[in-house]
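A.B. asks: Input: one structure, supplied below.
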Amino acid sequence: MAEQSCLVTNDWICGEYLRSRSQELADATVQHAGITVVSVLIGLAVAFPLALLARRGRRFAAPVLGLTTVLYTVPSLAMFSLLLPLFGLSAALVVTGLVLYSLTILVRNILAGLEAVPQEAKEAARGMGYGPARLLWEVELPLALPALMAGLRIATVSTVALTTVGSLVGKGGLGNLIEDALPSFFKAQVLTASVLCVLLAVTADLLLLGLQRLLTPWTRISTAALPAPAKAEAG
């Protein structure tokens, strides 16, 4: 008796599904990654000036941090419904929602990084004739990079997960496959799309971690210079 296909038996792990749907999986993964990258980049571009505004004083920090926090608490279904009249059933709807969700993480981390820059470093730069713009880009921002990159990593992984919700409007990348498979409980598709989503998040986090190490070599040097007991405490 011939062995039944894993698609017929609806197995969780099915090589035949991977072979027959490879192009569909690749297209969904590319869409998922594209929406994530665009959303995070726009979020970063919006969050940076908001963080600069927030650090000007409490009267600016309170509304900026308060607004971004409130936006993060809005359920995704409600967020997309509110944006629907503006963007319709488009990728822009999903991207805008994801940008708004990323702001609370990015603004807070950028602000924390800038506020953690030692006052001595800023005073030394001013003594060398640095103006506000040059001080920001050549002193404060490089020293704030570890906190900024940490926020960027969290926001990216969070956005990878939230992109699946875009399946509500047919723009959810791998989330589309999961939603399509749930009514018939197509096990192989649910598992494969879910695993790819996890792998995408892990890959993005590792790439950003590598970029962080490349951009902040002094953090490795300072750690390597610590005596053994200090390293143990730092770990």
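The values are calculated or read from the model by the stated rules, or taken from the named source; none is laboratory data. Just so it is clear, the model here is predicted, and its values are computed rather than measured. So basically every Cβ, Gly included, is an ideal-geometry build from the backbone, and we count neighbours across all protein chains shown. For the accessible areas, the whole protein counts, side chains as well, though only heavy atoms, and no ligand, DNA or RNA atoms are used. Shrake-Rupley method; radii C 1.70, N 1.55, O 1.52, S 1.80 Å.
A.B. asks: Name the residues in the stretch 4-26 that are open to solvent by less than 70 Å² (accessible area, probe 1.4 Å), of a type outside the set (Ser, Thr, Tyr) and touching a residue at least 40 places away in the same chain (Cβ under 8 Å), would you?
C.D. replies: CYS6, LEU7, ASN10, ASP11, CYS14, LEU25
A.B. asks: So, one more: I need the full set of residues from the stretch 200-235 which are hydrophobic (A, V, I, L, M, F, W, C), assigned to a helix (DSSP H, G or I) and modelled with pLDDT under 80, in order please. Even if it seems obvious, please write down each step before you answer.
C.D. replies: Start the filter on the stretch 200-235 by keeping residues that are hydrophobic (A, V, I, L, M, F, W, C), which leaves 200-202, 204, 206-209, 211, 214-215, 218, 221, 224-226, 228, 230, 232, 234.
Still in the list and also assigned to a helix (DSSP H, G or I): 200-202, 204, 206-209, 211, 214-215, 218, 221, 224, 228, 230, 232, 234.
Those that are hydrophobic (A, V, I, L, M, F, W, C), assigned to a helix (DSSP H, G or I) and modelled with pLDDT under 80: TRP218, ILE221, ALA224, ALA228, ALA230, ALA232, ALA234.
A.B. asks: Report every pair of residues separated by at least 6 positions or lying on different chains whose Cβ atoms are under 6 Å apart, first residue within the stretch 159-172 and on the phi < 0 side of the Ramachandran plot, second open to solvent by 30 Å² or more (accessible area, probe 1.4 Å) and not in a helix (DSSP H, G or I).
C.D. replies: VAL169/LEU89
A.B. asks: For the stretch 169-186, give me the residue count where each residue is open to solvent by less than 50 Å² (accessible area, probe 1.4 Å) and assigned to a helix (DSSP H, G or I).
C.D. replies: Here is the first cut: in the stretch 169-186, the ones open to solvent by less than 50 Å² (accessible area, probe 1.4 Å) are 169-170, 172-178, 181, 186.
From what's left, assigned to a helix (DSSP H, G or I): 169, 174-178, 181.
Counting residues in the stretch 169-186 that are open to solvent by less than 50 Å² (accessible area, probe 1.4 Å) and assigned to a helix (DSSP H, G or I) gives 7.
A.B. asks: From the list ILE35, ILE42, exactly one residue is open to solvent by 40 Å² or more (accessible area, probe 1.4 Å), of a type outside the set (Ser, Thr, Tyr) and either touching an Asp or Glu at 6+ places or on another chain (Cβ under 8 Å) or touching a residue at least 40 places away in the same chain (Cβ under 8 Å) (or both). Which is it? First the steps, then the outcome.
C.D. replies: On the way: ILE35 fails: open to solvent by 40 Å² or more (accessible area, probe 1.4 Å).
Answer to the check: ILE42.
A.B. asks: Here is a follow-up. Please report, ordered by residue number, the helices (runs of 4 or more DSSP H) entirely within the stretch 1-112 with at least 2 residues that are modelled with pLDDT under 85. Even if it seems obvious, please write down each step before you answer.
C.D. replies: Numbers: elements: 6-9, 15-20, 22-54, 58-73, 76-87.
So the answer is 6-9, 15-20, 58-73, 76-87.
A.B. asks: Another question about this same structure. Identify the single condition in (1) open to solvent by 40 Å² or more (accessible area, probe 1.4 Å); (2) free of Cβ contacts under 8 Å to residues at least 40 places away in the same chain that MET79 does not satisfy, given that it satisfies every other one.
C.D. replies: So MET79 meets the others, but not (1).
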